[in-house]
Structure formats: structure tokens, C-alpha cells
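Heads up, the thing below is written out as C-alpha cells.
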Amino acid sequence: MKMDDAYEGSLSKSVAPAAPPLPGPATSYHQKGLVMNGLPLRGYSSVSTAAKDLWERLFDSGYKADVAIYTDYNGIIYAHANVLGMASPVMKGMLNQSKGHGRWRSLSIHGVPQDAVRVFIRFLYSSCSEKADMEDYVLHLLVLSHVFVVPQLKRECERQLEHGLLSTENVVDIFQLALLCDAPRLSLVCHRMILKNFKVVSDSEGWKAMMQSHPVLEKELVESVLDEDHKQKERIRKLKERKIYLQLYEAMEALVHICRDGCKTIGPHDKDFKEDQAPCNYTACKGLELLVRHFAGCRLRIPGKCSHCKRMWQLLELHSRLCDDSDVCRVPLCRNFKERIKKQSKKDEIKWKKLVEKMLRTKRIGGTNFFSEELASPS
């Protein structure tokens with residue numbers, strides 16, 4: 001399969017679903033002061049220190065080794081076929097097919113540094129890795145763990161990259177590697193970092209190299225960035241829209257409060273207001289009070305002649321569509337607007353009905369002291 005073809009089919013599959021959290025090892029990862037059976041753990045480990053040291057001594061000494069692993073620059077690492085075969089099904093198959101001399105069999109691992117191969121083979125013995133080795137060879141270990149099917153090491157490489165080793169400089173390279181190594185969680189983390197820091201990432205050397213070597217992947221990433229930008233703008237638009245509907249709802253409550261209960265110097269003529277009267281709790285009351293005062297004294301009150309009065313007319317009409325009983329309502333012109341609504345065109349009726357439904361849906365109410373039960377639960 002060609003590299004571009006692999007990328008083209010892998011991006012949507014690798015980054016779309018939300019990946020599950022990484023499962024933990026038998027104990028814990030490296031932490032300061034972490035102990036097991038009274039013994040401290042170093043780096044990453046899922047076994048006790050005593051067992052770890054025993055297996056590492058077996059590897060280091062090469063006692064009764066029967067496998068020679070050839071690496072780049074004529075390097076040789078000695079190991080045991082039984083250990084390799086039990087730790088990696090791929091190595092087990094390779095060893096079964098390997099032709100050796102006497103008791104010796106051979107494997108070849110090229111394309112990665114010899115020290116990275118040694119750290120990898122050591123992990124097969126002890127299920128442990130030192131923090132410094134992981135930092136130096138994490139990408140090589142990720143590839144080796146994927147190729148030779150060592151899931152425990154692969155999970156640890158993903159964890160190390162996700163929690164500290166991933167940066168805007170290397171995220172593009174690691175993203176490509178995650179796709180090739182079938183690491184969906186890591187590819188998702190990389191993809192999110194690219195979207196979040198696209199301007200910086202697109203100036204990195206890794207991005208420039210990807211543009212030359214894998215233009216299909218680069219195109220899909222750009223499209224996903226544009227799509228995310230569009231979604232973000234849509235979210236902002238809906239937030240602003242909901243804010244407006246909420247403000248309208250609060251204005252309707254304040255209007256009823258002013259006309260029914262009275263607020264400061266505005267309200268029913270039979271209300272007496274004390275100088276030390278506490279301020280009301282309606283957030284929209286102050287602004288609406290100023291609007292009511294203007295409306296009461298404006299000489300251009302005719303709709304369309306004054307922008308402030310036009311807004312007041314609209315609020316009064318909106319209230320009438322929410323009011324449950326205009327016969328007892330103290331908001332001015334409530335009954336007049338109820339009669340006027342019956343004569344409106346179908347187009348205007350649909351426009352107002354949608355506004356009322358969106359406003360009530362934003363507030364998420366099911367009937368209040370101010371508005372009708374029917375309108376409070378729009379279908």
C-alpha cells in the first residue's frame with residue numbers, strides 16, 4: 001500500500017472518535033516515592049525491583065543466550081529465544097523461521113539506533129524502562145512496539161508522549177507516526193493540538209516536510225482546521241443568540257414588575273415609594289425604566305419615528321404574546337395588542353411565534369407567574 005493511500009483512509013478513522021483512556025499497568029507509572037513490596041520503582045515498571053533486576057542481569061550477562069540480534073552499523077545484541085518468543089508473537093514467528101548455526105538463531109532490526117533496540121529488548125525481559133531512555137528513544141520504541149506487537153510498551157510510549165514529550169515542534173511528525181502505528185488516542189491528542197495551535201504548527205519544519213511528502217494528509221488537516229473554525233464561529237453565534245433571548249425574557253419580567261409592583265418612581269399610580277426602598281432584583285429593570293420614561297414623554301411616539309419608542313412598542317407587543325390574561329394585566333396596551341395580533345398577516349405571526357418559542361426555550365421554563373402555560377411549553 002502506498003503511503004498517501006494509507007494516510008488518506010486513516011485520518012478520519014483515527015481522529016474522529018473519542019479515544020478511551022489508556023489502561024494502567026499492574027502497578028503504577030513512575031512517581032516520586034512510589035514503592036512496591038517495600039522496594040522503590042524506577043522509570044516505568046509493572047514488576048517489583050527484585051524481579052526487574054534479576055531479568056535485567058540475565059539480559060546484560062547473556063547467560064546461555066541463543067539469539068543474535070543484528071542492528072545498524074554491525075551492532076549485535078544477544079538475547080534468549082524463549083523470552084523474545086513469549087514477549088512478542090512477531091518475534092516468535094521470526095525465530096521459528098530463522099535458520100541458525102548450532103544453537104544460535106539470528107534476527108535483524110535495522111532503521112533504528114542500536115541503543116533504542118537494546119532498550120526495547122531490555123523491556124521484553126523486565127517490562128521496565130528508564131525515564132531517560134524513554135525520553136531519548138520514545139518514537140523508536142513506539143515503532144518497535146507496534147511492529148513487534150508489544151502492547152504494554154506501546155501504551156507507555158503513548159502516555160509519555162501525551163504527558164510531556166509532545167510539543168508544537170514535533171506534533172506533526174508524531175501525528176503521522178501515530179497514524180502509521182495505529183495509535184488512535186495519540187493521533188487524536190496530536191490532532192487537537194494541531195487545531196488549537198495551527199498558526200504555530202503550520203510554521204514548523206515538520207509541517208513543511210509533510211507538505212512535500214504527504215500532501216493528502218496536509219490537505220485533510222487544513223480542511224479539519226477550517227471546519228473547526230466554522231464550528232467555533234457557529235458556537236459563538238449561538239451563544240450570542242441565546243444571550244439576546246435571555247435578555248428579552250428578563251426584560252419581559254422587569255416590564256411586568258414595573259407595571260404591576262412598581263419600581264422607584266415608575267409604576268402604578270396607586271403605589272407609594274419610600275425613599276429608603278431597597279433596589280429591586282431585576283437586572284433589566286434599570287434600563288427598561290429609562291426606556292419607559294422616554295416612551296411616556298416622547299413626542300415622536302409613533303412607531304418608526306423614534307428608535308427608542310420603536311423598541312418599546314416591540315417589547316409591549318412581545319409581552320402581549322406572553323401574557324396569560326390581558327384582562328387583569330397592568331402592562332399598558334396589553335389588550336390592544338391582543339386584538340391587533342388577530343389581524344396580523346401570517347408572515348408576521350410566524351415571525352413573532354418563532355421569537356417567543358426561542359426565547360422560552362432558552363430560558364427552559366414550563367410556566368411562570370408571568371407567562372401562559374401554553375406558550376411556556378412550545379412544541
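So the values come out like this:
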| quantity | calculated |
| --- | --- |
| The lone exception for Trp104 - which of (1) surrounded by fewer than 20 Cβ atoms within 10 Å (Cβ to Cβ); (2) in contact (Cβ under 8 Å) with a residue 12 or more places away in the chain; (3) of a type outside the set (Ser, Thr, Tyr); (4) over 11 Å from Ile69 (Cα atoms) it fails | (4) |
| Tyr73 of a type in the set (Ser, Thr, Tyr) and not in a helix (DSSP H, G or I) | no |
| Within the stretch 203-217, tally of residues that are under 24 Å from the mean Cα position of the chain (by Cα) and either under 10 Å from Gln176 (Cβ atoms) or of a type in the set (Gly, Ala, Ser) (or both) | 3 |
| Among the residues listed as Asp72, Asp60, the single one being free of Cβ contacts under 8 Å to residues at least 12 places away in the same chain and in the same structural domain as Gln152 (by the TED database) | Asp60 |
| Hey, Phe175 assigned by the TED database to the domain that holds Pro89 and aromatic (Phe, Trp, Tyr) or not | no |
| So Lys13, is it at pLDDT below 70 and basic (Lys, Arg) | yes |
| Check on Lys2, over 15 Å from Val117 (Cβ atoms) and modelled with pLDDT of 85 or more | no |
| Failed item, numbered, when Ala65 is tested on (1) in contact with a helix residue (DSSP H, G or I) (Cβ under 7 Å, 6 or more places away or on another chain); (2) of a type outside the set (D, E, K, R); (3) surrounded by 12 or more Cβ atoms within 10 Å (Cβ to Cβ) | (1) |
| Enumeration of residues in the stretch 263-304 that are at pLDDT 70 or above, closer than 16 Å to Val331 by Cβ and either part of a loop (DSSP other than H, G, I, E, B) or of a type in the set (Gly, Ala, Ser) (or both) | Tyr282, Ala284, Ala296 |
| Some residue of the stretch 317-325 being part of a helix (DSSP H, G or I), charged (D, E, K, R) and within 16 Å of Cys259 (Cα to Cα) | yes |
| Leu195 part of a helix (DSSP H, G or I) and at pLDDT 95 or above | no |
| Selection status of Phe120, among the hydrophobic types (A, V, I, L, M, F, W, C), buried (at least 19 other Cβ atoms within 10 Å of the Cβ), within 26 Å of the chain's Cα centre (by Cα) and part of a helix (DSSP H, G or I) | no |
| Single residue of Gly85, Gly93, Gly111 found to be touching a helix residue (DSSP H, G or I) at 6+ places or on another chain (Cβ under 9 Å) and not in a helix (DSSP H, G or I) | Gly111 |
| Among residues of the stretch 135-181, those that are without any contact (Cβ under 8 Å) to a residue 40 or more places away in the chain and in a loop (DSSP other than H, G, I, E, B), counted | 6 |
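The values are calculated or read from the model by the stated rules, or taken from the named source; none is laboratory data. Here the structure is a predicted model, which means the values were calculated and not measured. As a convention, Cβ positions derive from the backbone with ideal geometry for all residues, glycine included, and neighbour counts pool all protein chains shown.
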